[in-house]
Amino acid sequence: MQAILFSSTPLECEPLVSGLKSENIFVEVVTANEAQYKKHLLSGANFFFFHQNIRTGDMAFIKLVRCLKPITVMILLDPISPDLINHVDLAFARPFSYPLVSIYMQKKLLEKREQLCPKEMHYGPFTLQIQKRALMHGKSLIRLRNKEFALLQYFFMNDGQIVSRSDILEYVWDRNASLSTNTVDVHISRLRSKLKKCHADRYLQTVPCVGYLWSCAAT
């Protein structure tokens, strides 16, 4: 998982960076200023940390991110004032349990995804039923396991775009993004086997040396 940490005292954050890295949370520490905000607003990070304090510039940034990137988790570390906690999604004080920090981060991210995700996703001749964890193709119903469902949902969200194995690991497995990319291949092979039941496997293409492409325009 990728994250940005805004701090006015970057040197004090080195233990935090090391602890989070042990949970496969890779943090870039930056000094909070307007230029850095603009730079990281469009980054691929799903997590933004703020160290100790939230200032006027931080508040403006938080509001903007929530408008433009609603599936983003705001986290305050070592809060100075209890009132600051109301402005973020999560807050943690020392001593940190990094495994618990990681678990709560993932839980909050999943909650936001589920809140914003529609009950059904329609692409071409397919309907992905979110609550039933199932794929409908015409009258054919295919039930999917959790990872198979997450994979197909990710492909639907990126219809017509090539996605790398690393991207898939980051989205579907989150914390375990350091797993071998062979893990992706194994689960996609299982997904393909189920897609064959409705002759839908042809929509999922392997892009050699890159990753995978889902396209309902494929023939």
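If a residue must be assigned to a loop (DSSP other than H, G, I, E, B) and of a type outside the set (D, E, K, R), how many such residues does the stretch 8-63 contain?
Counting residues in the stretch 8-63 that are assigned to a loop (DSSP other than H, G, I, E, B) and of a type outside the set (D, E, K, R) gives 16.
Within the stretch 182-201, which residues are charged (D, E, K, R) and within 16 Å of Met136 (Cα to Cα)?
Scanning the stretch 182-201 gives Arg192, Lys194, Lys196, Lys197, Asp201.
Mind listing whichever residues of the stretch 147-198 are touching a Lys or Arg at 6+ places or on another chain (Cβ under 7 Å) and either closer than 19 Å to Glu114 by Cα or modelled with pLDDT of 85 or more (or both)?
Passing the criteria: Glu148, Phe149, Val172, Val184, His187.
Take the residues in the stretch 104-135 that are modelled with pLDDT of 80 or more and among the aliphatic types (A, V, I, L, M); name whichever of them is nearest to Ala200 (Cα to Cα).
Here the residue is Leu135.
So for the stretch 116-128 (the condition being in contact with a Lys or Arg (Cβ under 9 Å, 6 or more places away or on another chain) and not charged (D, E, K, R)), does at least one residue qualify?
The answer is no, given that none of the residues of the stretch 116-128 is in contact with a Lys or Arg (Cβ under 9 Å, 6 or more places away or on another chain) and not charged (D, E, K, R).
Select from the stretch 197-219 the residues that are surrounded by 12 or more Cβ atoms within 10 Å (Cβ to Cβ) and over 17 Å from Gly160 (Cα atoms) and list them in ascending order.
Matches in the stretch 197-219: Lys197, Cys198.
Is it true that some residue in the stretch 30-43 is touching a helix residue (DSSP H, G or I) at 6+ places or on another chain (Cβ under 6 Å), at pLDDT 85 or above and on the phi < 0 side of the Ramachandran plot?
Looking for residues that are touching a helix residue (DSSP H, G or I) at 6+ places or on another chain (Cβ under 6 Å), at pLDDT 85 or above and on the phi < 0 side of the Ramachandran plot, one finds at least one in the stretch 30-43, hence yes.
Within the stretch 55-64, does at least one residue satisfy the condition of being touching a residue at least 60 places away in the same chain (Cβ under 8 Å) and not assigned by TED's automatic domain parsing to the domain that holds Asp167?
The answer is no, given that none of the residues of the stretch 55-64 is touching a residue at least 60 places away in the same chain (Cβ under 8 Å) and not assigned by TED's automatic domain parsing to the domain that holds Asp167.
Considering only residues that are modelled with pLDDT of 85 or more and of a type in the set (Ser, Thr, Tyr), look in the stretch 199-219 and name the one that is nearest to Leu20 (Cα to Cα).
Ranking the candidates gives Tyr212 first.
Out of all the residues in the stretch 74-104, which are part of a helix (DSSP H, G or I) and closer than 20 Å to Met59 by Cα?
Of everything in the stretch 74-104, those that are part of a helix (DSSP H, G or I) and closer than 20 Å to Met59 by Cα turn out to be Pro82, Asp83, Leu84, Ile85, Asn86, His87.
With the requirement that a residue be crowded, with 17+ Cβ neighbours inside 10 Å and of a type in the set (D, E, K, R), what does the stretch 134-157 give you?
Lys147, Glu148
The values are calculated or read from the model by the stated rules, or taken from the named source; none is laboratory data. It should be emphasised that the depicted structure is a prediction, and the values quoted were computed from it without experimental measurement. Here Cβ is always computed from backbone atoms with ideal geometry, including for glycine, and neighbour counts include all displayed protein chains.
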